[in-house]
Amino acid sequence: MSNFHDKWRGFVNESSLSRLHQHTQEHDTAIITAYRNNPFSDPNNYCAQGIPDTGQDKGSINRANIARNRELHARLLGFNRMPSEASDVHKDYGVTKIVGTYVENYGDPEKEVEVKEVSFFVTNLKDSPEFIQDVTDLGEEYCQDSVAIIPQGGQGAYLVGTNHSDFPGYAQTLELGDYKPGVEAEFMSKIRNRPFTLGEVKNMETYKDLSMNAKWVVAKITERLSKKRLAEGLSDYASAGKLRLFHYTRGPGGWWLYADRAPDSFELNPAHPKKMRHSATEFQKSPYHRSFFYLDPEHKEPRVTGRLYTADISPESIYDLSLDPDDYLGKHGRDYTALLEDIHQNQNYDGVYYTIGGIPIVAYFEPIEVIKVEETD
């Protein structure tokens, strides 16, 4: 009986893979996942949103990855509800689950372990011109190193880097070769830069195939998360020539959590010898003195709590590193101390804007007076 089931699964997989190949011949396709080996291994430590501070064990990470992938699955199907910006025709992305295992810590015999992962093979069924950008944006939003793009016909597939990891690098492309039937495991190994074993390929899903209840869930997730989409640049947050910054603090010993003990205002000085105005992870990245502010007080890491303070500044005093018009990232690479010092000391900017884990941040170099936000505000 076991042999029969193995043969049946093999036949179903072969049939599903044949359909995937057919999709690559007819449309642009892509491969994406929301899984991360360990969200806490991110150098900025912001890809672990939704995981409690105490939940860094394998079980918690696995549950978080499953939840993130479920959300990504809904986002992909939810594009059916969005008309293309180039036409009135609604997008339609077919989603096929690919289940497999990767070798984590490949090359280290003592630490090598097989890790199950679910990826999504996405098909641009209505040939939306925004398909590649949509997939790339989701790769960045879900903290992926890269997404794989397979042009129609299956030839010239490539990776697009969606974060600042070494492989392949943000906004960098890396050729993968042609997508051919029968070499899916080899192709997926190239995508993830480590050995892959193909497990199971599910049937393709589209929005119209869903039940009424499933459509309602997808609609709600799409609506909720589309409201959280970030502005593209620093200028989108400025109003009337001002940029409002938000800073959370618990004060000395956490006393400022009590309303009557928090001062109405104070000077936030990043160079204060006994205060560290950024996380330990950010300090390891660079000890350069800076205070951290949010541009949206609701869009922050769950672990950040405290009294909320604000300050208004000129947007011209902040360098937009997300656009990086002067190519500081190209000049300094991963030497963040040199990068920050160059922007501050040589170019006379008071701070720098960028996003980490999809969250808009301003790192401010100078002392600044911040004013308490009353709860009624």
> Could we say that Phe40 is over 24 Å from Asn163 (Cα atoms) and modelled with pLDDT under 70 here?
Replying inline: no
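A quick yes/no check of all residues on (1) farther than 27 Å from Gly169 by Cβ; (2) β-branched (Val, Ile, Thr):
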residue	(1), (2)
Glu298	yes, no
Gly330	no, no
Leu340	no, no
Gln345	no, no
Val352	no, yes
Val370	yes, yes
> So which residues in segment 21-35 are out of contact with any Ser or Thr (no Cβ under 6 Å at 6 or more places or on another chain) and β-branched (Val, Ile, Thr), if there are any at all?
Replying inline: Thr24, Ile32
> Pairs, please: C-beta under 6 Å, at least 6 apart or cross-chain, first residue over 11 Å from Gly78 (Cα atoms) and in segment 203-214, second hydrophobic (A, V, I, L, M, F, W, C)?
Replying inline: Glu205/Val95
> Among Gly241, Gly254, which is the only one that is on the phi > 0 side of the Ramachandran plot, at pLDDT 75 or above and either in contact with a Lys or Arg (Cβ under 7 Å, 6 or more places away or on another chain) or not assigned by TED's automatic domain parsing to the domain that holds Phe79 (or both)?
Replying inline: Gly241
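Has segment 152-174 got at least one residue that is farther than 15 Å from Ile32 by Cβ, part of a strand (DSSP E or B) and modelled with pLDDT of 85 or more?
The answer is yes, given that some residue of segment 152-174 is farther than 15 Å from Ile32 by Cβ, part of a strand (DSSP E or B) and modelled with pLDDT of 85 or more.
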>> Please list, ordered by residue number, the strands (runs of 3 or more DSSP E) wholly in segment 281-377 having 1 or more residues that are crowded, with 21+ Cβ neighbours inside 10 Å and hydroxyl-bearing (Ser, Thr, Tyr).
In response: 291-294, 307-313, 318-320, 351-356, 359-364
> Looking only at residues in segment 85-109 that are part of a loop (DSSP other than H, G, I, E, B) and modelled with pLDDT of 75 or more, which one is nearest to Arg19 (Cα to Cα)?
Replying inline: Asp92
> Do we have Asn69 as modelled with pLDDT of 75 or more and out of contact with any strand residue (DSSP E or B) (no Cβ under 6 Å at 6 or more places or on another chain) here?
Replying inline: no
> Would you pick out the residues in segment 110-138 that are of a type outside the set (S, T, N, Q) and part of a helix (DSSP H, G or I)?
Replying inline: Phe131, Ile132, Asp134, Val135, Asp137, Leu138
>> Taking the criterion of being outside any loop (DSSP other than H, G, I, E, B), over 30 Å from Asp312 (Cβ atoms) and at pLDDT below 85, would at least one residue in segment 200-211 satisfy it?
In response: yes
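Which ones in segment 346-364 are closer than 24 Å to Asp312 by Cβ and of a type in the set (S, T, N, Q)? Let's see the steps before the verdict.
Step one: of segment 346-364, the residues closer than 24 Å to Asp312 by Cβ are 347-356, 359-364.
Selection gives Gln347, Asn348, Thr355.
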> Any residue in segment 76-84 that is of a type in the set (Lys, Arg), at pLDDT below 80 and in the same structural domain as Lys202 (by TED's automatic domain parsing)?
Replying inline: yes
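The values are calculated or read from the model by the stated rules, or taken from the named source; none is laboratory data. Because the structure is a prediction, the values reported are computed rather than measured. Because the Cβ atoms are built from the backbone with ideal geometry, glycine has one as well, and the counts that use them run over all protein chains shown.
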